Amino acid sequence: MATLRSYPTGKDSDVFGRRKKNDSVKDGGAAEQVVDGVGADEQDGTEENDAVQPRRVNLPPAPRPDGPWDISEVPGNPEDGRVDLGGILVPGVEGMELRVEVAGDAIVAATVVLGDSAVQLQAFAAPRKEGIWGEVREEIAEGITKQGGIIDEVEGPLGWELRAQVPVPLPDGQTGAQLVRFVGVDGPRWFLRGVISGQGAVRPESAGVLERIFLDTVVVRGEGPMAPRDPIVLKLPNDAQMVPDGVQTDDAGDQEGSRFGGGMGQLERGPEITEVR
């Protein structure tokens, strides 16, 4: 993990958590690691499964009157009040930490940690005329259920979402459960997935700020050809500084001349989902 020094308010600090798993839109990714197995077992016996349970039809993307936004839909400067990560522009709020997650050499996801809650943001390419969130929900639900988790599909503040109890190992060797919310929105040739964990999943009514961050995110898909479900690669802001995890830093001299200036001290990990195999 490394550190991006602070958020534009001058008070907040952004933390970079790296993950080594190759991410995909079907993975149940959360604050740090993925819930594996979603999709791996689906390839075997696909025809048999389809004969038993019809797949969802991918309808055209629904209207997005409240966001998230395509870069072409934002008036003025889309970077105002947002952190530019290339493929997505993440809105900032005071006190938040921002982590990025890496697959190989590519940054593929960003996680906003705010207090005892977090939301992971990940954008993917999508077909021009079809939304994929309905199908993705089905795949996530199937994968988590196979691992012994519990899924509830509900219509929440961000539209249809999955509220999951994901099996996680406990320090004493027993298996517990962590609550997670999977949200998603289809846009023009892209799909934005959010994974809310921590208190924002335990008490959804307390997740208003995280939900607003998700809705105010801007997706920069680009015009180049991409296969559906390919992650939209992110980048670090130009003035970000990478600091190894746990290193005590002196930020006093960095606050001037950088809109990411501000002290943090020793870094701590935020809410996460432990990898389940």
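The values are calculated or read from the model by the stated rules, or taken from the named source; none is laboratory data. These numbers were taken from a predicted model, which means no experiment stands behind them. Every residue, glycine as well, gets a Cβ built from its backbone with ideal geometry; the counts of neighbours run over all protein chains shown. Just so you know, the surface numbers come from the protein's heavy atoms only, side chains and all, with ligands and any DNA or RNA stripped out. Shrake-Rupley method; radii C 1.70, N 1.55, O 1.52, S 1.80 Å.
Per-structure values
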{"read-out": "Number of positions in the range 59-85 that are aromatic (Phe, Trp, Tyr) and exposed (fewer than 14 other Cβ atoms within 10 Å of the Cβ)", "value": "0"}
{"read-out": "Scope the range 244-260; condition at pLDDT 50 or above and either open to solvent by less than 50 Å² (accessible area, probe 1.4 Å) or touching a Gly at 6+ places or on another chain (Cβ under 6 Å) (or both); matching residues", "value": "Gly246"}
{"read-out": "Failed criterion for Ile151 (all others in (1) without any contact (Cβ under 8 Å) to a residue 40 or more places away in the chain; (2) under 25 Å from Pro65 (Cα atoms); (3) in contact with a helix residue (DSSP H, G or I) (Cβ under 8 Å, 6 or more places away or on another chain) hold)", "value": "(2)"}
